[in-house]
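Here the structure comes first, spelled out in structure tokens, and everything after it is commentary.
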Amino acid sequence: MSASGAGRALPVQAALPVRAVLAALIAAGLAAASWRLSGEPGGTRLALSLVFGALFGLVLQRSRFCFYCQWRDYLVVGDPRGMLGILAALAAGAAGYAVVLGAWMPDPSGTRLPPDAHIGPVGPVLALAGLAFGAGMAVSGSCISAHLYRLGEGSPTAPFALLGTGLGFALGFASWNPLYLASLFEAPVLWLPRHLGYGFSLALTLALLAALAWPLLRRLPEPEAPTRRDPFHAVFVARWPVWLGGLAVGALGTLAYLRVGPLGVTAEIGGRSRQAAGALGLLPDRLEGLDTFRGCATAVRDALLTPNGLFIGGLVLAALAAALVAGQFRPALPTRGQVVRGLSGGVLLGWGAMTGLGCSVGTLLSGIMAGAVSGWVFGLAMFTGAAGTLWLGRRLGRLA
């Protein structure tokens with residue numbers, strides 16, 4: 001059984017009109033909260049974070065956009081469409097970032113890096129983090145962003161995977177100083193536009209994505225016969241094409257960076273984990289150099305409402321609303337296997353995200369969009385770790 005296999009379903013499925021009303025109430029609540037936040041001093045960024053999170057959750061849920069699921073579909077059944085959707089997201093976002101960064105920093109050749117962009121150090125620790133994160137995806141059944149939207153669908157595994165992620169962050173903090181002193185403090189931070197300019201950097205990124213897409217395109221299945229669907233069913237019930245979801249993710253990544261900051265889903269989890277570990281006396285006296293690196297920042301959260309916290313809240317609630325309308329809100333009681341796999345996979349996800357300064361969304365997606373070599377290194381290690389763990393898990397009969 002897979003890590004996200006169904007537990008014992010709970011009888012909560014209601015008729016479509018009732019589900020649609022509940023979804024509309026959630027959407028209205030999100031809109032009202034955004035409007036209220038926008039009227040507070042300095043609340044525009046918070047309001048936009050909530051809106052972008054809701055849009056991100058809608059796109060993820062409707063297109064089933066999940067890094068591990070798309071990779072597994074390709075490895076196990078040979079379906080390349082999901083991976084092409086990921087490449088579409090990266091291509092759209094890279095083009096959008098090039099426009100934004102070119103306007104903000106016309107000359108990228110200096111020593112400065114673009115504001116807040118996820119451009120991290122490249123070295124063996126980053127590769128190790130990616131391997132651990134990929135293994136965590138295979139064990140738990142999803143990446144962190146997919147666990148968040150599946151939380152809105154009532155997944156029995158997602159709560160334990162997210163709890164495990166928090167524990168993994170705490171372990172990451174405990175192991176940070178030895179890793180920093182052994183490798184990270186001298187690891188280079190490589191930003192392609194600094195060396196190639198925006199034009200050549202974008203051309204190289206698109207060429208690499210095209211090279212990855214070419215063998216996938218050759219394995220596309222025959223197109224299915226078109227079916228007549230009413231607009232409501234096509235938008236709110238049927239799964240969106242993954243390529244459409246990918247383009248939407250790329251566009252959202254660009255808009256979010258322009259107005260709020262790069263897409264990422266672990267800053268709040270990491271910050272709250274750091275706060276809790278500090279309160280329990282589990283943190284080292286000093287985390288060497290951590291707060292000087294780019295990525296999903298793990299600073300201690302003093303405020304109740306933070307941009308990334310609202311982004312995550314909007315993501316989960318919008319996914320819940322979308323799942324209600326589509327009839328995909330199916331909460332279930334977890335099995336013991338789901339609890340174990342969720343917690344253990346989550347620990348690997350959290351440790352990898354902490355030491356890699358982000359996850360599949362922050363380090364890989366936002367990093368590659370920004371022209372960071374760290375995004376490519378983390379992505380290669382992540383997919384390798386997921387493939388190896390899946391292969392071993394299937395050989396042992398533990399993963400489907």
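The values are calculated or read from the model by the stated rules, or taken from the named source; none is laboratory data. Bear in mind that the values here come from a model prediction, so they are computed numbers and not experimental data. Ideal geometry is used to build each Cβ from the backbone, glycine not excepted, and the neighbour counts take in all protein chains shown. Areas reflect the complete protein model, heavy atoms only, side chains present, ligands, DNA and RNA absent. Shrake-Rupley method; radii C 1.70, N 1.55, O 1.52, S 1.80 Å.
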Worksheet item: Among 363-371, 55-63, how do they line up from the highest to the lowest mean number of other beta-carbon atoms within 10 Å?
Response: 363-371, 55-63
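Taking R0 as 25 Å, what FRET efficiency do you get between Leu163 and Leu304 from their Cβ-Cβ distance, rounded to the nearest 0.05?
0.75
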Worksheet item: In whole angstrom, how far apart do the alpha carbon centroids of segment 145-193 and segment 315-390 sit?
Response: 9
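Compute the Cα gyration tensor for segment 248-395, then decide on rounded, prolate or oblate, letting a ≥ b ≥ c be the square roots of its eigenvalues: rounded whenever a/c is under 1.5, prolate when a/b is larger than b/c in the other cases, and oblate in all that remain. Walk me through the numbers on the way to the answer.
Working: a/c = 1.20, a/b = 1.13, b/c = 1.07.
In terms of gyration-tensor shape, rounded.
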Worksheet item: For labels at Glu224 and Ala238 in the simple 7 Å Cα→Cβ model, what's the distance in nm?
Response: 0.8
Worksheet, complete the sentence: Charge tally for neighbours of Tyr149 with beta carbon under 10 Å away, counting Lys, Arg as +1 and Asp, Glu as -1, is +2
Worksheet item: Rounded if a/c is under 1.5, else prolate if a/b is larger than b/c, else oblate: which is the chain, with a ≥ b ≥ c the root eigenvalues of its Cα gyration tensor?
Response: rounded
Item to complete: Can you tell me the order of 94-100, 280-286 when each peptide is scored by its average per-residue count of other Cβ atoms within 10 angstrom, highest first?
Response: 94-100, 280-286
Fill in: Probe 1.4 Å, protein heavy atoms only - accessible area per residue of segment 119-207 in square angstrom
33
Worksheet item: In what sequence, highest mean first, do 350-356, 124-130, 138-144 appear when ranked by Cβ atoms within 10 angstrom?
Response: 350-356, 138-144, 124-130
Item to complete: Any cysteines in the chain with zero other Cys Cβ atoms under 4.7 Å from their Cβ? List them, or say none.
Response: Cys143, Cys296, Cys359
Worksheet entry | Label point distance in nm, Ala211-Arg394, each placed 7 Å from Cα along Cα→Cβ | 2.7
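Would segment 201-262 count as rounded, prolate or oblate if I go by the C-alpha gyration tensor, calling it rounded below 1.5 in a/c and otherwise prolate when a/b exceeds b/c, oblate otherwise?
On the way: a/c = 4.49, a/b = 1.23, b/c = 3.66.
Since a/c reaches 1.5 but b/c is at least a/b, the shape of segment 201-262 is classed as oblate.
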